[in-house]
1. Does the stretch 165-268 classify as rounded, prolate or oblate by the C-alpha gyration tensor (a ≥ b ≥ c root eigenvalues; a/c under 1.5 gives rounded; else a/b over b/c gives prolate, otherwise oblate)?
2. Name the long-range amide H neighbours of HIS208: under 5 Å, sequence gap of 5 or more, or other chain; modelled H, no Pro or chain starts.
3. First compute the accessible area of the stretch 91-221 with a 1.4 Å probe, then give the percent of it belonging to carbon and sulfur atoms.
4. In whole Hz, what ³J(HN,Hα) sequence does the stretch 256-272 give by Karplus (6.51, -1.76, 1.60; θ = phi - 60°), x for Gly and Pro?
5. Heavy atoms only, 1.4 Å probe, whole protein assembly: order MET114, MET1 by accessible area, highest first.
6. Filter the trypsin sites (Lys or Arg not before Pro) in the stretch 271-316 down to the DSSP loop ones having no more than 15 other Cβ atoms within 10 Å, then list what survives.
7. Stokes-Einstein D for the stretch 2-90 at 20 °C, 1.002 mPa s, Kirkwood Rh over Cα pairs, in µm²/s?
8. How would you classify the stretch 109-338 from its alpha-carbon gyration tensor, with a ≥ b ≥ c the square roots of the eigenvalues: rounded for a/c under 1.5, else prolate if a/b is greater than b/c, otherwise oblate?
Amino acid sequence: MKEKLVRVLQTANSDIKEVYSLHDLLLLKSRYIGKKSELNGFMQKLGTLPKDERPAFGKAVNKVKEEISNLISLREKEIIESEYQKKLESESIDITMPGRKREIGSLHPISKVMQEIEDIFISMGFEIAEGPDIEDEFHNFDALNTPADHPARDLSDTFYIDDDVLLRTQTSTVQVRVMENHKPPIKIISPGSCYRNENDASHSPMFHQVEALVVDENITFADLQDMLNIFVKKMFGDKIESRIRPHFFPFTEPSAEIDIICVKCYGAGCNLCKGSGWLEMGGAGMVDPNVFDILGIDSEKYTGYAFGLGIDRIAMLKYRITDIRLLYENDIRFLKQFK
Ligand code: PHE
């Protein structure tokens with residue numbers, strides 16, 4: 001019997017060492033010291049032994065039981081500790097790894113160019129004026145000396161919301177609003193959105209203009225040309241000149257279209273300027289005295305110039321964007337390039 005006890009202890013010892021989970025350990029525990037264990041069997045057979053051998057054998061069985069139970073709790077601690085270590089390793093943080101970058105948005109190229117334009121004009125003493133995108137015919141057409149039968153008023157060019165309510169087709173509405181409320185001297189620019197019913201690679205139904213208006217005594221066409229030249233040089237660099245060509249606008253007289261030397265070939269002729277060496281930039285002219293009269297400004301005393309430049313066009317030239325629609329598709333891959 002004694003040998004049997006020693007053997008049970010030995011196999012229990014080696015079995016316990018080979019167990020790696022608490023679950024398996026629990027199974028071993030019931031196998032070796034549980035109710036149906038061999039050791040318990042020995043205890044039940046105690047009665048079959050001669051009387052004088054019983055106490056010693058009972059003691060020996062209990063001792064083995066105790067030892068096995070100690071081995072099991074030792075192993076239990078080891079398993080818990082090693083599982084804890086494993087967990088720590090799997091959850092550990094590698095502090096040498098670079099952190100995850102948070103993507104920060106950036107200004108839209110139109111906003112960037114608008115701010116740049118504002119800065120240039122503010123540095124030359126202009127103030128920023130604003131007007132609503134939703135306008136009436138008076139501010140968009142009538143006060144700008146645009147007769148009722150002018151083609152620009154046509155539904156196919158202008159987005160009408162109601163009979164007398166429309167989306168402004170030009171920022172020239174703001175010169176009307178400024179002259180309604182201020183007496184000369186006036187020196188403002190007004191950047192903002194405009195809307196026209198057109199849509200192709202170089203025209204978007206929503207686009208941006210910056211209007212400039214300068215009204216005072218003795219303002220001349222030379223002042224206009226001077227200001228345009230200063231602006232294009234500040235915007236595009238010293239090599240760039242502007243020129244004007246005769247044109248017609250109902251609210252300026254004389255009127256002109258503004259070109260600048262091609263920013264790609266500097267006048268030599270290339271695909272951007274279609275060989276002409278010049279790029280169209282917007283319209284300009286001397287404020288028509290009729291406009292002053294409508295708005296109650298003394299047209300005998302004051303003269304003024306106005307011009308309107310395409311902001312989208314400026315952004316496209318600056319960043320070499322060939323299709324205006326890219327500006328309004330909100331493709332992150334495109335926008336990311338302007339960080
Ligand atoms: N508003 C005109 C346009 O949209 C441009 C312009 C502005 C012309 C100011 C003359 C003076 O075409």
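1. oblate
2. CYS194, ILE311, ASP312
3. Working: 3730 of 7290 Å².
Carbon plus sulfur share of accessible area: 51 percent.
4. Listing the rounded values in order: 8, 9, 9, 10, 10, 4, 4, 6, 9, 10, 6, x, 6, x, 8, 5, 5 Hz.
5. Values: MET114 40, MET1 90 Å².
Per-residue accessible area, sorted high to low, gives MET1, MET114.
6. Qualifying residues, ordered by number: LYS274, LYS301.
7. Roughly 151 µm²/s, to the nearest whole number.
8. oblate
The values are calculated or read from the model by the stated rules, or taken from the named source; none is laboratory data. Quick caveat, the model's predicted, so the values are computed rather than measured. So basically every Cβ, Gly included, is an ideal-geometry build from the backbone, and we count neighbours across all protein chains shown. Calculation scope for accessible area: heavy atoms of the full protein, side chains included, ligands and nucleic acids excluded. Shrake-Rupley method; radii C 1.70, N 1.55, O 1.52, S 1.80 Å.
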